[in-house]
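Encoded as structure tokens, the structure appears first; notes follow it.
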Amino acid sequence: MSRQFKAATVPLSRADYDEIIDVRSPSEFAEDHITGALNFPVLFNEQRVEIGIIYKQVSAFDARKLGAAMVSQNIARHLESHFSAKPKEYRALIYCWRGGQRSGSLSTVLSDIGWDVSQLEGGYRAYRREVIEEIEAFTRGATLAVLNGYTGAGKTLILQEIRRQGGQVLDLEGLAKHKGSVFGGDLSAPQPAQKRFESLIFDEIRSMSTSQTVFIEAESAKIGRLNLPNALWQKMKRSTVFEINSPLGARADYLTDGYVEWLGDAERIVMTLDRLKDFHPSKTIESWKAMVEREEWRDLIADLLAKHYDKRYKVKGDGNYAVPSHSFELARHDDESVAACAGSVIAAGVTLLKTA
């Protein structure tokens, strides 16, 4: 069979392709992939393991024979289930781990059928290098406005409204599927793998302009189990800080509404409270558990804010971030108040850019 397919390089011009096909195993794809790619493995997880064992324990020749048979069978199934309906004008970009045999095998078959096929030079590894380089370049060139404030102040609401009003926002908690606190796990979706998290950040920043301020929430170095890219983390700590100031009662009301899924699982809440034993007297922990038993959710949240979060998380410059240059009041978390506050933050961001 002739190799008539073309070579593609990163950065990709995605408009040139109808589909991007990742032929790596499902486990590799789950860890990370080019966003929008479809996974059609030429070798599945267990097949790669089996071939690896034969390669080490028998011979490379026997491993290649078995691998070729498996690849051929898998490609045949993909042709019947997915590619058979594609028109003659179909254009595909194919990639594997390093742009070698796995992507080459499917590319050859599709190209010989007559489709316009490209193989990504360097494969996923080349894409991964682009992700890292782009995040580092972004941190060097971007002007960040970091939104800080006590837990429940409404920073995420403000970011969402800034985006709605046309501002540039990097929502790290949204990308990480985590609200950043000990109670912050997303019950409907697990956190992505570390590399996938970084690819999601890449997807966001690649369309951003350095001629506009980027608004971002103050985070620690980790969000749940995920690490912020170090270059971005260091840039955030050096950036201008805007404080969102909201009273305790408003924050408790907002979080009571925002954690409604959590509040239906008393057992999980109690287990989470046990994780705070190193920080509080047993009497305090037991009082919180009693509130859980009585389903006094709003009182529990207000007490956690006052006795735990407000004392542990600093917003006045004595933590990881600088002293706020501006403070914006958010007395309530209703739509009108959030919109007005976000507008003021955007205006301050414009001024920041002029003085940067």
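The values are calculated or read from the model by the stated rules, or taken from the named source; none is laboratory data. From a predicted model like this one, the values you see are computed outputs, not experimental measurements. Cβ atoms come from the backbone with ideal geometry, glycine included; neighbour counts cover every protein chain shown.
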Condition check for residue 256: β-branched (Val, Ile, Thr) and out of contact with any Asp or Glu (no Cβ under 9 Å at 6 or more places or on another chain)
yes
Is it the case that residue 132 is surrounded by fewer than 18 Cβ atoms within 10 Å (Cβ to Cβ), in contact with a Phe, Trp or Tyr (Cβ under 9 Å, 6 or more places away or on another chain), closer than 30 Å to residue 155 by Cα and not acidic (Asp, Glu)?
yes
When both residues are 6+ apart or on different chains and their Cβ atoms are under 7 Å apart, which pairs have a first residue that lies in segment 215-237 and is assigned by TED's automatic domain parsing to the domain that holds residue 160, and a second that is of a type in the set (Gly, Ala, Ser) and part of a loop (DSSP other than H, G, I, E, B)?
215/167; 219/180; 223/180; 224/184; 227/221; 228/221; 233/221
Answer from 208, 236, 271 - the residue that is part of a helix (DSSP H, G or I) and under 30 Å from residue 35 (Cα atoms)
236
Counting only residues in segment 84-114 that are assigned to a strand (DSSP E or B) and among the hydrophobic types (A, V, I, L, M, F, W, C), the one surrounded by the most Cβ atoms within 10 Å (Cβ to Cβ) is identified as 94
Please verify whether segment 44-58 includes one or more residues that are part of a loop (DSSP other than H, G, I, E, B) and under 32 Å from the mean Cα position of the chain (by Cα).
yes
From the list 241, 315, pick out the single residue that is touching a residue at least 60 places away in the same chain (Cβ under 8 Å), in a loop (DSSP other than H, G, I, E, B) and in contact with a Phe, Trp or Tyr (Cβ under 8 Å, 6 or more places away or on another chain).
315
Considering only segment 163-171, I want to know if a residue exists there that is surrounded by 19 or more Cβ atoms within 10 Å (Cβ to Cβ), touching a strand residue (DSSP E or B) at 6+ places or on another chain (Cβ under 8 Å) and of a type in the set (Val, Ile, Thr).
yes
Output the number of residues of segment 211-226 satisfying the condition of being surrounded by 15 or more Cβ atoms within 10 Å (Cβ to Cβ) and outside any loop (DSSP other than H, G, I, E, B).
6
So how many residues does segment 311-338 have that are under 18 Å from residue 146 (Cα atoms), at pLDDT 95 or above and hydrophobic (A, V, I, L, M, F, W, C)?
3
Only unsatisfied item for residue 39, checking (1) in contact with a Lys or Arg (Cβ under 8 Å, 6 or more places away or on another chain); (2) surrounded by 18 or more Cβ atoms within 10 Å (Cβ to Cβ); (3) more than 18 Å from residue 130 (Cβ to Cβ); (4) of a type outside the set (D, E, K, R), is (2)
Out of all the residues in segment 61-74, is one or more surrounded by 19 or more Cβ atoms within 10 Å (Cβ to Cβ), under 20 Å from residue 108 (Cβ atoms) and modelled with pLDDT of 95 or more?
yes
So which of 290, 302, 347 ends up being more than 20 Å from residue 149 (Cα to Cα) and either assigned to a helix (DSSP H, G or I) or aromatic (Phe, Trp, Tyr) (or both)?
290
